[in-house]
1. Does any residue of the range 94-113 turn out to be open to solvent by 30 Å² or more (accessible area, probe 1.4 Å) and among the acidic types (Asp, Glu)?
2. Go through (1) touching a Lys or Arg at 6+ places or on another chain (Cβ under 7 Å); (2) in contact (Cβ under 8 Å) with a residue 12 or more places away in the chain; (3) of a type in the set (Asp, Glu) and name the single condition Asp50 misses.
3. Suppose the filter is in contact with a Leu (Cβ under 7 Å, 6 or more places away or on another chain) and crowded, with 18+ Cβ neighbours inside 10 Å; does Ser444 pass it?
4. Can you tell me which residue among Asp411, Asp372, Asp434, Asp402 is more than 16 Å from Ala164 (Cβ to Cβ), touching a helix residue (DSSP H, G or I) at 6+ places or on another chain (Cβ under 8 Å) and of a type outside the set (Phe, Trp, Tyr)?
5. Which one of these is modelled with pLDDT of 95 or more and either out of contact with any strand residue (DSSP E or B) (no Cβ under 9 Å at 6 or more places or on another chain) or buried (at least 22 other Cβ atoms within 10 Å of the Cβ) (or both): Gly335, Gly324, Gly353?
6. Suppose we filter the range 174-208 for residues that are open to solvent by less than 10 Å² (accessible area, probe 1.4 Å) and in a strand (DSSP E or B); how many remain?
7. Ala337 is checked against (1) farther than 22 Å from Ala164 by Cβ; (2) in contact with a Phe, Trp or Tyr (Cβ under 8 Å, 6 or more places away or on another chain); (3) not in a loop (DSSP other than H, G, I, E, B) and fails just one. What number does that condition carry?
8. Within the range 299-321, identify whether any single residue is open to solvent by less than 10 Å² (accessible area, probe 1.4 Å), of a type outside the set (A, V, I, L, M) and either assigned to a loop (DSSP other than H, G, I, E, B) or closer than 19 Å to Arg226 by Cα (or both), and answer yes or no.
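The values are calculated or read from the model by the stated rules, or taken from the named source; none is laboratory data. Because the structure is predicted, anything quoted here is derived from the model rather than measured. All Cβ positions, glycine included, derive from the backbone under ideal geometry; neighbour counts span all protein chains shown. Note: areas computed on protein heavy atoms with side chains; ligands, DNA, RNA excluded. Shrake-Rupley method; radii C 1.70, N 1.55, O 1.52, S 1.80 Å.
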Amino acid sequence: MLKFSASVDRRAFTSGLTSLAFSGLALSGCATSSAPRSAGAPGYGALEPDPGGLLDLPRGFSYRVISQLGERMDDGLRVPDRADGMGAFHIDRNRVALVRNHELQPKHAGVGPFASPSRTGGGYGRGADGGWLPGGTTTLVYDQRSGRVERQHLSLVGTIRNCAGGITPWGSWLSCEEDVSRAGKGLTQDHGWVFEVPAAHPGLVEAVPLRAMGRFNHEAAAVDPRTGIVYLTEDRDDSLFYRFLPERRGELVRGGRLQALAFANRDRGTDSRNWTAPDLAAGEWIAARWIDLDGVDSANDDLRHRGHAQGAVRFARGEGIHFGDGELYFCCTSGGAAKLSQVMRYRPSPHEGQEGEGASPGRLQLFVESTDSAMLNFGDNITIAPTGHLIICEDQYTETVDNHLRGIAPDGQVYAFARLHAQTELAGACFSPDGRTMFVNVYSPAKTLAITGPWGKVRA
């Protein structure tokens, strides 16, 4: 079994230099809604055509396909399709464990891990054929020195539409169901939960829904390593931004309290989307308060409606989320007047989730709002590069437009880091804990790429 030390877990979570570099944002306090894209803008240089016709990258960068749909894994099963969110964990000097989501629905059994319905193992829910539902996670062990996958296996099964998630400081991946199907009509369980997958587990984990974290259209999660509080996004046009206060740090299965973000100043309204009016100004810091939610199992899928009725703020399709150095960033895919993307930034209170929080509240900021599809087009998964720049995966399916990996510099300028030549999305971008390799998924047909290059040579 793989082992993780406590010191490595934190490093695996924050990606070391990555979070420290991006903390420069906290000093500048600046943001922009229409960052210029001049020839001298920050980035790694112009994109060069890929001879393989898959992914254009700047000079000096290259990619390797390390896993793809249909490959036979070490447990005898197949690599599933629809590779989405992913997290990287330190094993030793060269080896990294990757836990990768597969956003599969019951109808996708043919591109799932099984050649025929499986009735063995420790899955969560079954479909009409009596076999496990195909959604879940796979785990890979990758050697950065040799450039090869040492082993890969199915690690979670029986779930639906495992979209994104997030890593924890204690060495696990939180896999989130972006689906709220109820038991019945061929399903044995209610869905819409978060599941925890220890990265060091050598096979299938017991699929235990973390019910206290709420039943809703989950997208992604991020854990504050200082407090153990989990922040959660929801992929709906009228979504909320949630936090989970665990009863005991690092033991999420023990339960806790689920809350939704509201503005401390009740006169500010309850909308952040900027769709019909400039609800948020770029760069402005707004004090937050948190509303307790009840009935979080939400049998009627009305948690966001009840939270909003209590004053919780609406967001436009909350998606990827990443915790840096003392603050976090999350994407709102259809936010902004142009409905092309917003990137939000939240800085927790020094007393986050504790007595005294009201006197020194956490603060929310609209960091970037896209005004042009060539700037940022449906930002989804998000991570931080070793230089401290945000890296965002685009998620749009216009036939004439390619999806990109977009970089965002600390002053808010946006640039292209990669261009995908396929009618699918890039997803699950994450860095090895030492910052040497960025891993990213091509959603479908599923491929996992390892990208290396001069990460430290970004233009200031």
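1. no
2. (1)
3. For Ser444, the condition - in contact with a Leu (Cβ under 7 Å, 6 or more places away or on another chain) and crowded, with 18+ Cβ neighbours inside 10 Å - is not met.
4. The conditions single out Asp411.
5. Gly335
6. Adding up the residues that qualify gives 7.
7. Every condition holds for Ala337 apart from (3).
8. no
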